[in-house]
Structures are given as structure tokens and as C-alpha cells.
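Following this message is one structure expressed as C-alpha cells.
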Amino acid sequence: MTQIGDIIFNICIFASVYIQVFLLVTFLENKHKFVIRKEGLQLATYPLVTIIIPCWNEEETVARTVASVLGLNYPQNKIKLVIVDDGSTDNTWNEILKFKDRENIKVLCKENGGKYTALNLGLRHVDTEFVGCLDADSVAHPEALVRLMSYFERDPLLMSVAPSVLTIRTKNMVQKAQRPEYYLAAFVKKMLGFLGAVHVVPGPLTIFKKEVFDKLGPYRRGHNTEDLEITYRMQKNNFKIEQCHDAYVYTNTPSTLKKLYKQRIRWIYGSINNLIDYRGLLFKRRHGNFSFFTLPSIIVAILSVSYLFGMIVYNAGDYLYSKFMQIKITGIYFSASPHFFDPFFLNMKAVFFLMLLFYFFNLFSMIVGRKMVEGKWYLSVDMLYFFALFGVFTPVWFIKAIFDTVVSRNPSWR
Amino acid sequence: MEKNIDWKKYLIVFFITAALFFTAIYLSNYFGGKKIAELQSIQDNIAIDILSSETQYSLLSELSCKNISNSILSGQLEELGQKLEWSENNLGDTEEVTYIKSYYSLLEIKDYLLAKRISERCGVKSAFILYFYTTAESCELCQEEGLVLTALREEYPELRVYSFDYNTDLSAVKAMLQIYKIKDTELPALVIDGDLLTGFRGFEELSSLVEKSFKLQGVEDTKTKK
């Protein structure tokens, strides 16, 4: 039994290292492409863009989000703004109404139906060639839109461009732990962009050609991850998606473990269930790296983390049982165990070195991720928070999301 | 529009990953070998210690007991035992570990005989338990007995516990099994002051037997409270 477990674990770890090496090789192939452009970028033409801001109980942040769009380095007469209140129960609608008299802003209110319904209502008011969504808890960098639009100018076949999403106002340990994760995600998404295998065009300021929705239809619920679903649908139709590393959007991150737990369960649940819905894309040559790299990577992550969780639970149970037996048989006594002081007892199996390598790759990706998006090298104590927090909780989130999938329970938004 | 796949890259990455994997296995074997070498080094130290103790004992037996104490016995047996147990669990039942384990059993017997002789001749406060267990099949009672003996050793620093795997392929161990008539169906088995006890024995029972063993040597109230 242990041997079978060892074989499964070795396969999982081999696949995990394979994924990391693949991303690293992709980085080395493209390392000359990470130029952060100077501010004040100009385009040959400035197409009309509609930005939809869906809101639900965002009274504290929506004004700041709208202000960031109004402050974009893009001709204001080329931007249309559609703000949709999705049945907020707080003061959001009154905050939105403050902008109703502006010429290029349209404000809409509807009954609560979920983010995708708010986006679809907004889409019905779009008459421009390009459309983007900006979550009401996010803030766009002034250069974000012009940098995103420059990708469309360069490549007429492009259907969508996603920005680098970074964290804003990281105050406590939970938020600080998420900061390096966003750099890691920026690195991974950029590499997937090079591979034509982006797995998600996130809510904060991804720009689409309107044609995407005309051809594929509106947003769908997508297991509460409508951004993942639309990406999978685009990949199914081989629509070209890119990642713009120097277009920044700053987003609020969950400030408590409970909020983070809810967000991650929703994200992981969405990943698993959209993968199930689009399983037909797996290992299909015509869908390229998305089919042979991105989707299998998600499966490897699910299997590895689940196995890891099982192993942690088994070992913890075994340890607690042995302690219980010890106390039951001999009573409580404290033994001066040499194990804590003697390096002999360090378990240096091959897995130990491979795990070290895996963590090193993650660390490297975070460092390069920040260098890539902000031009700064990055080494911070936040990384320790990241490894501690995500190392402990990721398996729990995965197992809960798998459990929810098995019992068909859709996790809530917040 | 079909997408391109760079199969060559997939293959190259596979070879790089395989190379990393084999490097990890090589490093694991390298450090495993270092651990075996450390075990052998401890084993050599113990052999020298025992030989030295035997020689010292022979020299001193011509004179008096006043210079003999427990300190002349090897203190590294317990360390070697712990490291061997860890190696068996983590490095696997390799040829080297099995060999060192056999040699360790032999050293235990030599240490036991020497310590017993010193104790009898010079009245050095000590008690001895010979403990027979098995690793060939799952023996939960053996594991529980091991916990009791560990606690007992903590309670009585003068107690020397010698553990023997029933399946050790060593004539000296087999001789002990014959002498004390130990069968593999009666494990765990303990020998205290020549008496054989089979099956699981609790802390209290063994504690009283150890106390009795001390009393037989004329040593009163030896219990050292922690």
C-alpha cells in the first residue's frame, strides 16, 4: 500500500516539476520580451472602448474604481462607461448616481442575479468595437488601457488581452501573503500567454473584441467563475488571447482567512467544474498548448494537492494515534529525543530534493514575476507568509472544492 | 484556426525533468550512503568501547572494583539503536542496514554480558531487560511494549534494555532464543533476571520487577523521579 502511495506521489511530483520546468523554459525562450514601456504610450488610432463596471455592495470602492477609469491615459471621448448595480443592499446605487450626469457614463440598476447577469446587462448597452469589464473593487493604472489596446493594434487576430492583476493596500498578514501569489500568477499567466494557453481572463480590466460576445454569446454563470468560463469557451473556439504584463490593475484582496477561504473555494470549484464542462478539450491537437499543457496542469494540481492532503491527514492521524497510545500506555512524560538536534534524522529521500526544487521554482517565479511586471527585484518576508499560509490551507481549499463538486453544492460569492 | 504545438519542447522538458529526478535520486542515495557510513562509524566506536571495557575489566579484576563504574560501558548503544530503527523505516531494509543490525545485536549481547559481570562482581547498581520483538509481521503489541520500555528507561537511568529482532539472522541471537525458549508466537517477550515474560507487559508490572531486581542487588529505593 505504501509502495503504491509512493508511486502516485512520485508521479505527481514528477508532473509538478515538469510543469515548472516547462514554464521556466518558456521564460528563457522569451526573456528578451519583458520590456516595461514608458508612461505616455501613444497609439496610431484610439478605438472606442466600453468598460462595464458590475457592482454589488461596493459602496466603499466603486467611486475610486470609476475615478481610475476617468484618469486613464486614453482619450476620454473614446471611453464609454456602463456602471451596473446588481441589486446592492447598501449605499452603492447612491454612489453610482453621482456619476449619472457625465456624458460618457451610463448607470443601470437591476435585481440581484449574480455578476454575470450584471455584465450581460452591460453588454446589451455596448456599441463599440472593444469592451472590457472592471470589477468595482479594482483600480486601473493610468497606462493600463493604452498598453492593453496596443496589443490589438499590433495583432489584428487578437480577440482578448488580460492585464497583470496586483494587490492593493495589503495591511495584514493574510493580505501580505497574497501579494507574492499575485506576482507568481502574473508570471504564470504571461508564460501561458506566450504558449497561447491562457486559462483565465480575469474580471479586472480584460479587454475583448465585442465580436467575441457576438460570436460566442454572453457571459454564463460558469459556476460563479464567469471569467474562467468565457476563457474556456474562447479557447474552445481557438480565439487568440494574450497577457499584457505591463498593464496593471490593482485589486482588493480578502482581509481575513474566512473571506480568503470563500474566494479560493469559489475559484477552485470553478476551475474543477469548468474543466469538467470542457473536458472535451483535453488532449486535442487543434487546441494546442491549452489542451496539452494548461488543462493537464490543472488536473495535476488537483491530484497532487489532494494526495498531499491525504498524506498530511494520514501522517497527522498516525502521529496523534501514536501519542495517544503512548499516553495511554505509559502516561505523560517528556523524553529528551535526539531527533530534533541530530541532522542524521533529516529525511533526505529523493522527494525531499524534488520538493525543495518545486519551492525554488515557485520562489523564482515570484521574483521574476515582479521583475517582469514592475521592473523591481523582489525578496520579501511576505513570501514566508505565502508559503506558510498557502502551504497549510491550499490542500484544505482543494478538498472542500472537490467535496462541493461531488455533492453538487455551488459555493457562494462572499 | 489550428494552434501549433512544439512537441520538441515537450520532449526536451521531459528530459530535463527526468535529469532533475535522477539527480534527486542520486543525492538521496548519496546522503543515504553517508548515513550508513555514520552508522558503521558508531558501530566501530562501540566495538572499540566494548573491547576496551573488556580489557579494562580484565586488568581491574586483578585488583579492586573501586575504579569500575557504568561509565566504562559504551554509551553509544542506545544512539545506534535509535538510528538503526530510523534507517530501517526510512532508508528501507537494505543489505547494509541488515548487516549493521546483526552486528548491533552482537554488540548488545557483548555489552550485556560485560555489564552483568561488572554488576555482579562490583555491585554496580543496574538492571537488565532482554526484549525480543519482530518486524517480519505487523506486531502492534511489540510497538506498545517498545513505548513502555522507552518510558521505563527514562524512569530508571540504571536500567539497560537490549532489544533483539526475532528474525535477526545471527547465531548468537538464535542461541539466546533457544536458551530462553522464545517462540515467535509469543512476542513480545522479555527476560528479566532470567525469567521469561511473554505477551504485552505494562509499565507498572515492569517497574515493580525492575525495583525487585535492584533489591536483589541490595540497592534500596533506587527510583529516580523525573
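For the range B:140-217, list the strands (runs of 3 or more DSSP E) that sit wholly inside it and hold at least 2 residues that are farther than 21 Å from B:Glu78 by Cβ and outside the structural domain of B:Ala115 (by TED's automatic domain parsing); which are they?
Details: elements: B:159-165, B:189-192, B:195-198.
Here the list reads B:195-198.
Same structure again: Could you tell me which of the residues A:Thr167, A:Thr206 is over 24 Å from A:Leu295 (Cα atoms) and either surrounded by fewer than 19 Cβ atoms within 10 Å (Cβ to Cβ) or in contact with a helix residue (DSSP H, G or I) (Cβ under 8 Å, 6 or more places away or on another chain) (or both)? Explain how you work it out, then say what you get.
Details: A:Thr206 fails: over 24 Å from A:Leu295 (Cα atoms).
The conditions single out A:Thr167.
Looking at this structure, is B:Glu120 modelled with pLDDT under 85 and among the acidic types (Asp, Glu)?
Values: modelled with pLDDT under 85: yes; among the acidic types (Asp, Glu): yes.
Against the criterion (modelled with pLDDT under 85 and among the acidic types (Asp, Glu)), B:Glu120 qualifies.
Residue check: is A:Leu72 closer than 30 Å to A:Pro218 by Cβ and more than 27 Å from the chain's Cα centre (by Cα)?
Numbers: closer than 30 Å to A:Pro218 by Cβ: yes; more than 27 Å from the chain's Cα centre (by Cα): no.
Against the criterion (closer than 30 Å to A:Pro218 by Cβ and more than 27 Å from the chain's Cα centre (by Cα)), A:Leu72 does not qualify.
Ok, one more. Within the range A:162-185, identify whether any single residue is aromatic (Phe, Trp, Tyr) and under 18 Å from the mean Cα position of the chain (by Cα), and answer yes or no.
Residues of the range A:162-185 aromatic (Phe, Trp, Tyr): A:182-183.
Among the residues that remain, those that are also under 18 Å from the mean Cα position of the chain (by Cα) are: A:182-183.
Yes, there is a match, as at least one residue in the range A:162-185 is aromatic (Phe, Trp, Tyr) and under 18 Å from the mean Cα position of the chain (by Cα).
Give the residues of the range A:331-366 that are part of a helix (DSSP H, G or I), at pLDDT 75 or above and within 9 Å of chain B (Cβ to nearest Cβ), sorted by residue number. Reasoning before the result, please.
To start, the set of residues in the range A:331-366 that are part of a helix (DSSP H, G or I) comprises A:338-340, A:343-345, A:350-366.
Filter once more, keeping what is at pLDDT 75 or above: A:343-345, A:350-366.
Once the filter is applied, which keeps residues that are part of a helix (DSSP H, G or I), at pLDDT 75 or above and within 9 Å of chain B (Cβ to nearest Cβ), the range A:331-366 yields A:Phe344, A:Phe345, A:Ala350, A:Val351, A:Phe352, A:Phe353, A:Leu354, A:Leu356, A:Leu357.
While we're here: What number goes with the only condition from (1) within 14 Å of chain B (Cβ to nearest Cβ); (2) touching a residue at least 12 places away in the same chain (Cβ under 8 Å) that A:Ile36 does not pass?
Status for A:Ile36: all satisfied but (1).
Hey, another quick one. When A:His287 is evaluated against the numbered criteria (1) within 14 Å of another protein chain (Cβ to nearest Cβ); (2) outside any helix (DSSP H, G or I), which criterion, by number, is the only one it fails?
Failing condition for A:His287: (2).
Working only within the range B:35-52, note down all residues that are in contact (Cβ under 8 Å) with a residue 24 or more places away in the chain and within 14 Å of chain A (Cβ to nearest Cβ). Walk me through it before giving the result.
So the first thing to find is which residues in the range B:35-52 are in contact (Cβ under 8 Å) with a residue 24 or more places away in the chain, and the list is B:35-36, B:38-40, B:42-43, B:45-47, B:49-50.
Result: B:Lys35, B:Ile36, B:Glu38, B:Leu39, B:Gln40, B:Ile42, B:Gln43.
Based on what the data block shows, is A:Val66 farther than 28 Å from A:Val368 by Cα, under 24 Å from the mean Cα position of the chain (by Cα) and assigned to a strand (DSSP E or B)? Steps first, answer last, please.
On the way: farther than 28 Å from A:Val368 by Cα: yes; under 24 Å from the mean Cα position of the chain (by Cα): yes; assigned to a strand (DSSP E or B): no.
Criteria not met by A:Val66.
Is it the case that A:Thr231 is modelled with pLDDT of 95 or more and within 17 Å of A:His287 (Cα to Cα)? Spell out the reasoning first.
Values: modelled with pLDDT of 95 or more: yes; within 17 Å of A:His287 (Cα to Cα): yes.
So A:Thr231 fits the description; yes.
Quick grid of which residues meet (1) within 14 Å of chain B (Cβ to nearest Cβ); (2) modelled with pLDDT under 95; (3) closer than 21 Å to A:Asp404 by Cβ; (4) part of a strand (DSSP E or B):
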site	(1), (2), (3), (4)
A:Met191	yes, no, no, no
A:Asp214	no, no, no, no
A:Asp246	no, yes, no, yes
A:Ser291	yes, no, no, no
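Note down all Cβ pairs under 9 Å where the first residue falls in the range B:101-114 and is under 10 Å from B:Tyr162 (Cα atoms), the second is among the basic types (Lys, Arg), and they're at least six residues apart or on different chains.
Final answer for the pair search is B:Asp111/B:Arg160; B:Tyr112/B:Arg160.
OK, next. Quick check on this structure: which one of A:Leu389, A:Leu357, A:Leu384 is among the hydrophobic types (A, V, I, L, M, F, W, C) and either without any contact (Cβ under 8 Å) to a residue 60 or more places away in the chain or on the phi > 0 side of the Ramachandran plot (or both)?
On the way: A:Leu389 fails: either without any contact (Cβ under 8 Å) to a residue 60 or more places away in the chain or on the phi > 0 side of the Ramachandran plot (or both); A:Leu357 fails: either without any contact (Cβ under 8 Å) to a residue 60 or more places away in the chain or on the phi > 0 side of the Ramachandran plot (or both).
Sole residue among the options that is among the hydrophobic types (A, V, I, L, M, F, W, C) and either without any contact (Cβ under 8 Å) to a residue 60 or more places away in the chain or on the phi > 0 side of the Ramachandran plot (or both): A:Leu384.
Going through A:Met311, A:Met325 one at a time, which residue ends up being aliphatic (A, V, I, L, M), more than 14 Å from chain B (Cβ to nearest Cβ) and on the phi < 0 side of the Ramachandran plot? Reasoning before the result, please.
Details: A:Met325 fails: more than 14 Å from chain B (Cβ to nearest Cβ).
None of the others qualify; the one that does is A:Met311.
Something else about it: Quick check: is even one residue across the range A:199-209 part of a helix (DSSP H, G or I), without any contact (Cβ under 8 Å) to a residue 60 or more places away in the chain and out of contact with any Phe, Trp or Tyr (no Cβ under 6 Å at 6 or more places or on another chain)? Reasoning before the result, please.
Start the filter on the range A:199-209 by keeping residues that are part of a helix (DSSP H, G or I), which leaves none.
Within the range A:199-209, not a single residue is part of a helix (DSSP H, G or I), without any contact (Cβ under 8 Å) to a residue 60 or more places away in the chain and out of contact with any Phe, Trp or Tyr (no Cβ under 6 Å at 6 or more places or on another chain).
Being loosely packed, with under 11 Cβ neighbours inside 10 Å and assigned to a helix (DSSP H, G or I) is the filter; apply it to the range B:49-83 and report the residue that is modelled with the lowest pLDDT.
This residue is B:Ser71.
Restricting the first residue to the range B:78-100 and requiring it to be in contact (Cβ under 8 Å) with a residue 60 or more places away in the chain and more than 11 Å from every other protein chain (Cβ to nearest Cβ), which pairs with a second residue that is among the charged types (D, E, K, R) and in a helix (DSSP H, G or I) meet a Cβ separation below 7 Å and a spacing of at least six or different chains?
Close Cβ pairs (under 7 Å, with a partner that is among the charged types (D, E, K, R) and in a helix (DSSP H, G or I)) amount to B:Val97/B:Glu88.
Looking at the range B:89-100, which of its residues are closer than 15 Å to B:Asp165 by Cα and surrounded by 17 or more Cβ atoms within 10 Å (Cβ to Cβ)?
Once the filter is applied, which keeps residues that are closer than 15 Å to B:Asp165 by Cα and surrounded by 17 or more Cβ atoms within 10 Å (Cβ to Cβ), the range B:89-100 yields B:Val97, B:Ile100.
May I ask you to list the residues in the range A:379-390 that are of a type outside the set (Asp, Glu) and crowded, with 18+ Cβ neighbours inside 10 Å? Walk me through it before giving the result.
At the first step, the residues of the range A:379-390 found to be of a type outside the set (Asp, Glu) are A:379-381, A:383-390.
Result: A:Met383, A:Tyr385, A:Phe386, A:Leu389, A:Phe390.
With the structure loaded, tell me whether A:Trp397 is of a type outside the set (Val, Ile, Thr), more than 11 Å from chain B (Cβ to nearest Cβ) and surrounded by 19 or more Cβ atoms within 10 Å (Cβ to Cβ) or whether it fails that test.
It is true that A:Trp397 is of a type outside the set (Val, Ile, Thr), more than 11 Å from chain B (Cβ to nearest Cβ) and surrounded by 19 or more Cβ atoms within 10 Å (Cβ to Cβ).
Which of the numbered conditions does B:Lys125 fail, given that it passes all the others? Conditions: (1) within 14 Å of another protein chain (Cβ to nearest Cβ); (2) assigned to a loop (DSSP other than H, G, I, E, B); (3) of a type outside the set (Gly, Ala, Ser).
With respect to (1) within 14 Å of another protein chain (Cβ to nearest Cβ); (2) assigned to a loop (DSSP other than H, G, I, E, B); (3) of a type outside the set (Gly, Ala, Ser), B:Lys125 is out only on (1).
The values are calculated or read from the model by the stated rules, or taken from the named source; none is laboratory data. Since this is a predicted model, take the numbers as computed values, not measurements. Neighbour counts run over all protein chains shown; Cβ positions are idealised from the backbone, glycine included.
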